[in-house]
Every structure is written in structure tokens, then in C-alpha cells.
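The values are calculated or read from the model by the stated rules, or taken from the named source; none is laboratory data. The shown structure was predicted, so the numbers you read here are calculated from the model rather than taken from an experiment. So basically every Cβ, Gly included, is an ideal-geometry build from the backbone, and we count neighbours across all protein chains shown.
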């Protein structure tokens, strides 16, 4: 499995547009399959104490996100989302602070969003 690392917030890949995910991209980036990528993403997220991580935070140029796995949140449910698209969001911000592994001292009020995505069944 390829070892991933968080990239610094000033790295241009953090703010660059990300391409829709296709399975062809896996081999180009050194992964054998979706499970391999999913496991690598969860390892980085857990290493830094996060509850969510996108590919661009580790320098990968495609639209994929992992979340969950924390025992106190939703029973520890973990999910990998491929090509997530926000289809709606709440009008008001939720009064909960959300942090980010890329910007560790930045906390923002968040909105509740509804997302569609292709799911990958986890075996982590």
C-alpha cells in the first residue's frame, strides 16, 4: 500500500480543482484498487485524529473522500465516497465547530449538506 502524507496548506494542490474519480487513476497514483486507496486514506486520517479526509489533502488529484470510523460518532461507521456531489445544503449554519486537518487551528460553523456519491464497501 502506498503511504500517504498530509500536504501543507500552502501547497497549490490543496486549492486546485480535482478531477472526477475513475478506476484508471488508481494505478497512475500507485494503488492496486479502491480498497488499497481507502485503507491508505483511513490510515492518514486516523494518524492525525481526523474524522474526514479528501484526496486533495494528501496531494491526490481526484474526487474521493473518507469519513467516520470514530467510535463516539454514528457508532463508528466508516464510509468512502467516490465522486461526492452536494445536492442541497441547509440555509443556516449548524452551531457546531468543524475543524480541518489541513488547517489545524481553523474552526468554522458548518452547514448540513445532502450528498450523492458512489460508495465503496469498507473492510477496514
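Data overview
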| item | result |
| --- | --- |
| Residue, nearest to the chain's Cα centre (by Cα), within segment 13-26, restricted to residues that are surrounded by fewer than 16 Cβ atoms within 10 Å (Cβ to Cβ) and assigned to a helix (DSSP H, G or I) | 13 |
| Search result, residues across segment 27-39 that are without any contact (Cβ under 8 Å) to a residue 60 or more places away in the chain and assigned to a helix (DSSP H, G or I) | 27, 28, 36, 37 |
| Residues satisfying the stated conditions in segment 27-41, i.e. closer than 13 Å to residue 61 by Cβ and surrounded by fewer than 17 Cβ atoms within 10 Å (Cβ to Cβ) | 28, 29, 30 |
| Any hit, segment 94-104, residues being in contact with a helix residue (DSSP H, G or I) (Cβ under 7 Å, 6 or more places away or on another chain), within 21 Å of residue 13 (Cβ to Cβ), modelled with pLDDT under 85 and buried (at least 17 other Cβ atoms within 10 Å of the Cβ) | yes |
| Segment 45-62 - residue that is surrounded by fewer than 21 Cβ atoms within 10 Å (Cβ to Cβ) and in contact with a strand residue (DSSP E or B) (Cβ under 7 Å, 6 or more places away or on another chain) and, of those, farthest from residue 18 (Cα to Cα) | 51 |
| Residue count for segment 69-80, restricted to those that are buried (at least 19 other Cβ atoms within 10 Å of the Cβ) and either closer than 17 Å to residue 100 by Cα or out of contact with any helix residue (DSSP H, G or I) (no Cβ under 8 Å at 6 or more places or on another chain) (or both) | 1 |
| One residue from 42, 65 being under 18 Å from residue 3 (Cβ atoms) and outside any loop (DSSP other than H, G, I, E, B) | 42 |
| Checklist (1) at pLDDT 95 or above; (2) over 20 Å from residue 78 (Cβ atoms) applied to residue 28, failing item | (1) |
